[in-house]
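Engineer: Below are the structure tokens for one structure; questions will follow.
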Amino acid sequence: GAVVSQHPSRVICKSGTSVKIECRSLDFQATTMFWYRQFPKQSLMLMATSNEGSKATYEQGVEKDKFLINHASLTLSTLTVTSAHPEDSSFYICSAYDRGTFTGTEAFFGQGTRLTVV
Amino acid sequence: GESVGLHLPTLSVQEGDNSIINCAYSNSASDYFIWYKQESGKGPQFIIDIRSNMDKRQGQRVTVLLNKTVKHLSLQIAATQPGDSAVYFCAENTGFQKLVFGTGTRLLVSP
């Protein structure tokens, strides 16, 4: 099946710094990618929809200036957590649909990024 | 917002038993449903899906049942194995490829 790769898998940063997380579709093109956040022992919460070549669409309650999304190519979306604080510590996961075979069905997920802000 | 302190319900079974994991969904207009398996520290892994015009679909060792009347999904795992231990989420496609995930169930399989 299609592969979505996230990098880094783990990151520890100091409070006040910014962290960039990459999401790549390795063997297919994705015009749309999705970013989720997951707190321990909880479900995945959709943060935003990343659209190639245009602005991201954020879910209600998600600060667009805090979570910057860039989708500059058909294989890469980035999520930047700006001025990170301990409450931003979480597991961030991206997903993508294979543009070439899209039927509105299977989403492929990255392996996730564990962000810890100290 | 998130529910602080929420704990996942847990289903404990013996190896070889059949497991049934249940999920309630919220949007009656959702047309597509998926079950995912998530192991610790990893992203969700696709298990099986079903469209709203079906009420049952079978895969290898897994079966998904859909009851649209009561907006309920279930995942049945036959002959559960220790490798099946994980957290299982249902998800509904609410439109435009956006998935809404259920709360999840932790499956613990004892040898």
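The values are calculated or read from the model by the stated rules, or taken from the named source; none is laboratory data. Everything numeric in this text was worked out from a predicted model, so none of it was measured. Every residue, glycine as well, gets a Cβ built from its backbone with ideal geometry; the counts of neighbours run over all protein chains shown. Just so you know, the surface numbers come from the protein's heavy atoms only, side chains and all, with ligands and any DNA or RNA stripped out. Shrake-Rupley method; radii C 1.70, N 1.55, O 1.52, S 1.80 Å.
Engineer: Filter region A:1-56 down to residues that are open to solvent by 60 Å² or more (accessible area, probe 1.4 Å), in contact with a Leu (Cβ under 9 Å, 6 or more places away or on another chain) and closer than 14 Å to B:G43 by Cβ, then give me how many there are.
Structural biologist: Result for region A:1-56: 3.
Engineer: Hey, any hits in region B:85-92 for a residue that's at pLDDT 95 or above and away from chain A (no Cβ under 14 Å)?
Structural biologist: Yes.
Engineer: Within the group A:A48, A:A107, A:A96, which residue is more than 21 Å from A:I12 (Cα to Cα), more than 10 Å from chain B (Cβ to nearest Cβ) and of a type outside the set (S, T, Y)? Quick ask: steps written out before the conclusion?
Structural biologist: Numbers: A:A107 fails: more than 10 Å from chain B (Cβ to nearest Cβ); A:A96 fails: more than 10 Å from chain B (Cβ to nearest Cβ).
Among A:A48, A:A107, A:A96, only A:A48 is more than 21 Å from A:I12 (Cα to Cα), more than 10 Å from chain B (Cβ to nearest Cβ) and of a type outside the set (S, T, Y).
Engineer: Right, here's the next one. Of everything in region A:28-44, what is among the charged types (D, E, K, R) and under 14 Å from the mean Cα position of the chain (by Cα)? Give them in sequence order.
Structural biologist: First, pick out the residues of region A:28-44 that are among the charged types (D, E, K, R): A:37, A:41.
Matches in region A:28-44: A:R37 only.
Engineer: Sticking with this one: Quick check on my filter: what residues within region A:1-26 are in a loop (DSSP other than H, G, I, E, B) and at pLDDT 95 or above? Outline the logic, then answer.
Structural biologist: Residues of region A:1-26 in a loop (DSSP other than H, G, I, E, B): A:1-3, A:8-9, A:14-18, A:26.
Passing the criteria: A:P8, A:S9, A:K14, A:S15, A:G16, A:T17, A:S18.
Engineer: Still on this model: Taking B:D17 and the conditions (1) buried (at least 18 other Cβ atoms within 10 Å of the Cβ); (2) more than 16 Å from B:Q97 (Cα to Cα); (3) in contact with a Ser or Thr (Cβ under 9 Å, 6 or more places away or on another chain), which numbered condition does it fall short on, given that it satisfies the others?
Structural biologist: For B:D17, the failing item is (1).
Engineer: In this structure, does B:L73 turn out to be in contact with a Cys (Cβ under 7 Å, 6 or more places away or on another chain) and crowded, with 18+ Cβ neighbours inside 10 Å? Write out each step before concluding.
Structural biologist: Details: in contact with a Cys (Cβ under 7 Å, 6 or more places away or on another chain): yes; crowded, with 18+ Cβ neighbours inside 10 Å: yes.
In short, yes.
Engineer: I would also like to ask the following. Being within 14 Å of another protein chain (Cβ to nearest Cβ) and in contact with a Ser or Thr (Cβ under 6 Å, 6 or more places away or on another chain) is the filter; apply it to region B:22-40 and report the residue that is least open to solvent (accessible area, probe 1.4 Å).
Structural biologist: B:S30
Engineer: Starting from region A:34-52, keep only residues that are on the phi > 0 side of the Ramachandran plot, then list their pairs with residues that are open to solvent by 10 Å² or more (accessible area, probe 1.4 Å) whose Cβ atoms are within a distance under 8 Å, requiring at least 6 positions of separation or different chains.
Structural biologist: Short answer, once both residue conditions are applied: A:K41/B:L6; A:K41/B:H7; A:K41/B:L8.
Engineer: Taking A:Q60 as meeting all but one of (1) open to solvent by 30 Å² or more (accessible area, probe 1.4 Å); (2) in contact (Cβ under 8 Å) with a residue 12 or more places away in the chain; (3) more than 9 Å from chain B (Cβ to nearest Cβ), write down the number of the exception.
Structural biologist: (2)
Engineer: Can you name the number of the only condition in (1) without any contact (Cβ under 8 Å) to a residue 40 or more places away in the chain; (2) open to solvent by less than 10 Å² (accessible area, probe 1.4 Å); (3) not aliphatic (A, V, I, L, M) that B:Y88 fails?
Structural biologist: (1)
Engineer: If you don't mind, another one. Output the residues belonging to region A:67-79 that are open to solvent by less than 30 Å² (accessible area, probe 1.4 Å) and closer than 20 Å to A:R114 by Cβ.
Structural biologist: Within region A:67-79, the subset open to solvent by less than 30 Å² (accessible area, probe 1.4 Å) is A:67, A:71, A:77-79.
Selection gives A:F67, A:S77, A:T78, A:L79.
Engineer: What number goes with the only condition from (1) within 14 Å of another protein chain (Cβ to nearest Cβ); (2) under 14 Å from the mean Cα position of the chain (by Cα); (3) open to solvent by 70 Å² or more (accessible area, probe 1.4 Å) that B:V64 does not pass?
Structural biologist: (3)
Engineer: Can you give me the number of residues within region A:83-98 that are open to solvent by less than 30 Å² (accessible area, probe 1.4 Å) and either free of Cβ contacts under 8 Å to residues at least 60 places away in the same chain or within 14 Å of the chain's Cα centre (by Cα) (or both)?
Structural biologist: Just the residues of region A:83-98 that are open to solvent by less than 30 Å² (accessible area, probe 1.4 Å), to begin with: A:84, A:88, A:90-97.
The next check asks that each one be either free of Cβ contacts under 8 Å to residues at least 60 places away in the same chain or within 14 Å of the chain's Cα centre (by Cα) (or both); those that pass are A:88, A:90-97.
Result for region A:83-98: 9.
Engineer: Find all pairs meeting these conditions: Cβ atoms under 9 angstrom apart; at least six residues apart or on different chains; first residue within region B:41-59 and more than 12 Å from chain A (Cβ to nearest Cβ) and part of a strand (DSSP E or B); second residue open to solvent by 40 Å² or more (accessible area, probe 1.4 Å) and among the charged types (D, E, K, R).
Structural biologist: Pairs that qualify, where the first residue is more than 12 Å from chain A (Cβ to nearest Cβ) and part of a strand (DSSP E or B) and the partner is open to solvent by 40 Å² or more (accessible area, probe 1.4 Å) and among the charged types (D, E, K, R), are B:R57/B:R51.
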